[in-house]
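Heads up, the thing below is written out as structure tokens.
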Amino acid sequence: MAETTVCENCKFWNETGGTDEGLVGECRRNSPSPKTLDGAPDSIIRFAAWPAVGQNQWCGDYEKRPMETKEVLERVAAIEKMEAARKAKKAS
Ligand code: SF4
């Protein structure tokens, strides 16, 4: 199965929730950027945040996320199953 190079599969993706349009997350490729938000009169709220990205967005900094243990075990099990089937076919 070909991997799609979108944010959801990127090592910098940090899932934070979902909407009717799909999953949303933060891009943690770089450190958070300073942001401001207008609060009450004469006050500005200052904070830092990572860019919000949707699961199907992408950029040129994409890097494949390393496989998690479960994915590795599933692939090993699939390979062992194929090998057992090959040996059984050869023996018959
Ligand atoms: S914006 Fe780029 S670096 Fe960030 S999560 Fe998406 S593909 Fe990865």
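Scanning region 1-35 for residues that are aliphatic (A, V, I, L, M) and touching an Asp or Glu at 6+ places or on another chain (Cβ under 8 Å) gives L23, V24. Within region 73-81, the presence of a residue that is within 16 Å of the ligand (Cβ to nearest atom), at pLDDT 90 or above and surrounded by 10 or more Cβ atoms within 10 Å (Cβ to Cβ) is excluded.
Pairs meeting the criteria (first residue in region 10-22 and outside any strand (DSSP E or B), second residue within 10 Å of the ligand (Cβ to nearest atom), beta carbons under 6 Å, at least 6 apart or on different chains) are K11/E63; K11/R65; F12/C27; F12/R28; F12/R29. When region 23-47 is examined, which residues are found to be assigned to a strand (DSSP E or B) and either within 11 Å of the ligand (Cβ to nearest atom) or in contact with a helix residue (DSSP H, G or I) (Cβ under 6 Å, 6 or more places away or on another chain) (or both)? Selection gives G25, E26, C27.
Name every residue in region 37-76 that is of a type in the set (G, A, S) and in contact (Cβ under 8 Å) with a residue 24 or more places away in the chain, in order of residue number.
We begin by selecting, within region 37-76, every residue of a type in the set (G, A, S); these are 39-40, 43, 48-49, 52, 54, 60.
The answer is A52, G54.
The values are calculated or read from the model by the stated rules, or taken from the named source; none is laboratory data. Since this is a predicted model, take the numbers as computed values, not measurements. Counting neighbours? That spans all protein chains shown, and the Cβs are built from the backbone with ideal geometry, glycine included.
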